[in-house]
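Down below is the structure, laid out as structure tokens.
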Amino acid sequence: STQYESILTSRPHPSVTLITLNRPKALNALSTSLFLELNKALFEADADPEIGAIVLTGSDKAFAAGADIKEMKDKEFSDVYKNKFLENWGELARLKKPVIAAVSGYALGGGCELALMTDIILASPTAKFGQPEINIGIIPGGGGSQRLVHAIGKSRTMEMVLTGRMVTAQEAEQWGMVSRVTENVVEEAVKMAIEISSKGQIAVQAGKEVVNAAYEMSLAEGLRFERRTFHGLFATKDQKEGMTAFAEKRKPEFTHS
Ligand code: CAA
């Protein structure tokens with residue numbers, strides 16, 4: 001498989017890709033080249049029929065400490081505007097397969113935003129989330145101000161964005177920003193990815209699509225979209241197999257068709 005400089009990829013199970021951000025000296029600061037590699041690895045896994053889910057992690061000390069400040073320092077408005085700086089960060093949202101973030105240590109600025117772009121966040125007790133951009137004269141630029149409002153509401157988002165305060169894993173859990181706090185967060189995320197991969201992949205993809213639609217649609221439209229997508233799954237072999245296996249008291253063998 002492809003060799004990368006700023007990330008590592010591995011396959012802890014035939015159905016799971018594990019992507020590890022790997023710029024330890026910069027606390028996994030998200031440079032342009034790191035993000036290009038990350039997108040490449042994500043889309044490679046998304047296209048691989050053997051892979052059912054992706055786990056994204058960093059190091060014990062840092063999931064990622066944000067966009068690369070040293071790279072941004074001398075940029076001018078005309079550069080960032082003309083070159084659509086950070087526009088390619090949004091590509092992650094186009095993946096059809098689920099991405100689970102396993103967060104230990106700092107998830108700051110773009111690191112927090114990257115975690116929020118994934119589908120499920122598991123946090124280790126050491127995780128610290130924050131949007132400290134205000135301390136360096138800017139605001140979040142990777143979606144944090146918008147995705148946090150959906151995840152934790154306006155007041156908490158305002159506090160994070162305007163004070164730059166870091167929140168602990170426990171707070172993030174109470175606020176509903178992460179699914180749960182757990183030791184051995186990468187192992188737990190891989191277990192969850194293996195479990196998701198064992199389901200019918202058309203249904204998994206549809207489940208991700210309808211949940212994400214809730215962010216964009218009115219309730220009535222979202223409910224209609226969910227119902228139509230649900231109806232559509234009755235055209236799949238996996239629905240026949242899943243329900244027949246239940247009635248016959250055996251395990252289903254999904255063929256992802
Ligand atoms: N960009 C570039 N380099 C970074 C970095 C970043 N975001 N975060 C850390 N580093 C580098 C440090 O410069 C340092 O490098 P040197 O050894 O060459 O000096 C190395 O990583 C280790 O960092 P520290 O010595 O600072 O480690 P620490 O343990 O004392 O502190 C920290 C850790 C509190 C996370 C601190 O590094 C920090 O505050 N980092 C910046 C956090 C931040 O402001 N993030 C937001 C970035 S802006 C953004 O993300 C915009 C957006 O919305 C997209």
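Throughout, read-outs are computed from the coordinates displayed, never taken from laboratory work. Just so it is clear, the structure is predicted and the values come from calculations on it, not from any experiment. All Cβ positions, even for glycine, are placed from backbone atoms using ideal geometry, and neighbour counts span all protein chains on display.
A few notes on this one:
- From largest to smallest, the equivalent ellipsoid semi-axes obtained for the stretch 201-247 from the alpha-carbon gyration tensor read 24, 10, 7 Å.
- Euclidean distance between Cα centres, the stretch 7-38 to the stretch 47-80, Å: 8 Å
- In this rough spin-label picture, where each label sits 7 Å from Cα along the Cβ direction, the Lys61-Lys73 distance is 1.9 nm.
- When peptides 113-124, 197-208 are sorted by average Cβ neighbour count within 10 Å, with the highest value leading, the order is 113-124, 197-208.
- Ordering of 153-166, 177-190, 57-70 by packing is 57-70, 177-190, 153-166, highest average first (other Cβ atoms within 10 Å, averaged per residue).
- Full-extension gain in nm, Asn88 to Glu159, via 0.36 nm per residue minus C-alpha separation: 22.8 nm
- C-alpha long axis of helix 32-47 to longest principal axis of the chain, angle in °: 0 degrees
- Counting only DSSP beta bridges whose two residues both lie in the stretch 7-197, roughly 25 percent are antiparallel.
- The modelled label-to-label distance between Lys240 and Glu209, using points 7 Å beyond Cα along the C-beta direction, is 2.1 nm.
- Pairs from the table (Lys96/Lys154; Lys84/Lys128; Lys61/Lys128) lying more than 19 angstrom apart at Cα are Lys96/Lys154; Lys84/Lys128.
- The mean of 1/r over all distinct Cα pairs in the chain, once inverted, gives the Kirkwood hydrodynamic radius of 19.3 Å.
- Lys-Lys pairs in the stretch 189-257 that are eight or more residues apart or on separate chains and whose Cα atoms lie under 20 Å of each other come to 13.
- Highest average packing first - 126-139, 76-89, 39-52, Cβ atoms within 10 Å: 126-139, 39-52, 76-89
- CD proxy at 222 nm, helix term only [per DSSP H run n ≥ 4: -39500 (n - 2.57); per residue of the chain; nearest 500]: -12500 deg cm²/dmol
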